Amino acid sequence: MLDELIPQIEQIQAEGAVVLLKWDGERKQNKCSVAILHPETDYIWRKDCEAIEAALVQGLADYRASRNA
């Protein structure tokens, strides 16, 4: 499913957003992190999670909602 989200990531990247995906083997819980930032604005979204795809979907939706507000 992560591959299916690549076009959306590339689209917001073209708008100036930065997307960070992290898998952390050191943690016992919430081993994944998703962060979306838009440096030209104060927009920052971050979530630590177990399911990186679900968190990324949430982050992309939040980013879109913030841009349409």
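Under the condition of being open to solvent by 80 Å² or more (accessible area, probe 1.4 Å), farther than 16 Å from ASP62 by Cα and not basic (Lys, Arg), the residues counted in the stretch 11-36 number 4.
Among the residues in the stretch 57-69, are any assigned to a strand (DSSP E or B) and surrounded by 12 or more Cβ atoms within 10 Å (Cβ to Cβ)? Looking through the stretch 57-69, none of the residues is assigned to a strand (DSSP E or B) and surrounded by 12 or more Cβ atoms within 10 Å (Cβ to Cβ).
Listed by first and then second residue, the pairs with beta-carbon distance under 6 Å, at least 6 apart or on different chains, first residue in the stretch 22-42 and in contact (Cβ under 8 Å) with a residue 60 or more places away in the chain, second part of a strand (DSSP E or B) and surrounded by 11 or more Cβ atoms within 10 Å (Cβ to Cβ), form an empty list.
Selection within the stretch 1-26: residues that are of a type in the set (Asp, Glu) and in a helix (DSSP H, G or I). The member of this set that is farthest from ARG67 (Cα to Cα) is ASP3.
The values are calculated or read from the model by the stated rules, or taken from the named source; none is laboratory data. Since the structure is predicted, the reported quantities are computational estimates derived from the model, not experimental observations. For neighbour counting, all protein chains shown are included, and Cβ atoms are generated from backbone atoms with ideal geometry for every residue, glycine included. Ligands, DNA and RNA are excluded from the accessible area calculation, which covers all protein heavy atoms including side chains. Shrake-Rupley method; radii C 1.70, N 1.55, O 1.52, S 1.80 Å.
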